[in-house]
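Please read the structure below before turning to the comments.
What follows is calculated from the coordinates using simple rules that are stated; it is not laboratory data. Small disclaimer: the values here were computed from a predicted structure and weren't measured. A quick note on method: Cβ atoms are made from the backbone with ideal geometry, for glycine too, and the neighbour counts reach across all protein chains shown.
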Amino acid sequence: PSWLSHASAPLTSRAKRHVLLVRPSITPTMQSLMASNALAGARGAYAAPNSRAKLNRRVAMSTRRPAAGAVTVRAGKTPDGPKVAIAGISGAVGTEFMRVLVERDFPYSEMKMLASARSAGKEVEFDGETYVIEELTEDSFDGVDIALFSAGGSISKKFGPLAAAKGCFVVDNSSAFRMDPDVPLVIPEVNPEAMADYKLGGARKGGIIANPNCSTIIALMAVTPIHRAVGVKRMIASTYQAASGAGALAMAELEQQTRDVLNGDPVTMEIFSWQYAFNLFSHNAPMTENGYNEEEMKMVKETRKIWGTEDVQIAATCIRVPVMRAHAESINLELNGELSEEEARAILEKAPGVSLIDDRANNKFPTPLDASDMDDVYVGRIRRDISQEGNNGLELFVCGDQIKKGAALNAVQVAELLL
């Protein structure tokens, strides 16, 4: 078809270093969705309507940036495009799916918006048209070619296999299938070969592809080029994770709490059990028997699956910080071979989907604001680990947009590989 192009020109050095700082804003669609749907779907019990209303405020939205993916598709709505569905349209990632599909002109002939019964009947704007949200049911995927899922693990486990059985290719953003040995776990710039036989019109009729955890995606975008060059023996990651990882309600609560603290009001705590504004705390994922929480263990297990090896030692500490939508990670590497700072910088500068902000003279390195709403993952503080002899150790600081490359963008890039 006319809409398919597998040629994507790399960004120039100047373009890769461009940084856009954006302020949070809100669209009427997001405001409506948050006000009427999001609170009902979040975990836990919530307070009275007047307390809930305090959360229905601004969340991070922003402007377009040219994509830097491994595969680029340009077309938009076209009669011979695939039929696409979004499951979980009322959530933060569901909204981001819409934005990324438009930004990348993803080809489609029909679009279906799916959510729970609470959201059914409401309207969303997409690509210049108004769509009515439909209730997600077992019949939702009849005739659908590609479904982008971000509706939670339990929903994915119930409806993902049903959709795949009907010939639909499901790109799932939850953790439901990530460690299933029969399900590819894919970052397109890292391991596209894992889904080589997943193609529309190919021999395989439907299937599930899993999106990795956001922290794993952001880390491996930076570390995989180094791993390919000399091999990584050991990786220690400390993450500083934004509110967006917990959804639109957590983002709204962070903003509301900031307002509460500055105004001297009682702090609104409906999403987390801890004050979030002007504070940080261990990631809210459940703890496991080994003392690591589930978020930390996702990074360990997913990295090994994506790299296809058990011969790498990994440990992580994951922390929530009062940042709106971009994660930061401090990464320490023990390498199998020697690699100088200059060689590492040269490798990363050429890596797809990676941009450098590494200006020692001006003390300018990646920040979450640099990465917010950007497609690339930003890398800086590239330096030798002086606790290790020679050039066998490396330190990096990485920032990436959790909703975008950490979720929606990666999923859409996976969908592009299906074409």
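Observations on the model:
- P(r) tail for region 125-166: Cα pairs beyond 14 Å make up 54% of the total.
- GluC sites (Glu not before Pro) within region 91-181, DSSP loop, no more than 15 other Cβ atoms inside 10 Å: GLU138
- Percent of Cα pairs exceeding the 18 Å cut-off, where the set is region 318-368: 49 percent
- Among 249-262, 335-348, sorting by the average number of other beta carbon atoms lying within 10 angstrom of each residue, highest first, gives 249-262, 335-348.
- Whole-number D in µm²/s for region 339-419 (Stokes-Einstein; Kirkwood sum over Cα pairs; 25 °C, 0.890 mPa s): 177 µm²/s
- Largest first, the extents of the alpha carbon coordinates of region 70-144 on the three principal axes equal 35, 26, 24 Å.
- All Cα-Cα distances of region 233-286, cut into 5 Å bins from zero to the largest, leave 4, 18, 28, 22, 11, 7, 4, 3, 1, 1 percent in each bin in turn.
- Descending semi-axes in Å of region 127-269, equivalent ellipsoid built from Cα gyration tensor: 32, 27, 12
- Cα gyration tensor shape of region 281-419, rounded if a/c is under 1.5, else prolate or oblate by comparing a/b with b/c: rounded
- Both radii were evaluated on the Cα set of region 363-407; the Rg over Rh quotient, with Rh as the Kirkwood radius, amounts to 1.12.
- Reachable lysines from LYS158, criterion Cα separation under 16 angstrom, eight or more residues apart if same chain: LYS166
- Every Cα-Cα pair in region 230-347 was counted, and those over 20 Å apart are 53% of them.
- q = 0.20 Å⁻¹: log10 I(q)/I(0) that the Debye formula gives for region 181-239, counting C-alpha atoms only: -0.84
- Net charge of the neighbourhood of ALA316, taken over other residues with C-beta under 10 Å away and scored Lys/Arg +1, Asp/Glu -1, is -2.
- Kirkwood estimate for region 265-321, i.e. one over the average of 1/r between Cα atoms, Å: 13.3 Å
- Spherically averaged projected area of the convex hull of Cα atoms, region 152-211: 3.9 nm².
- Low-density loop positions, trypsin sites (Lys or Arg not before Pro), region 146-225 - DSSP coil, at most 15 other Cβ in 10 Å: LYS199, ARG204, LYS205
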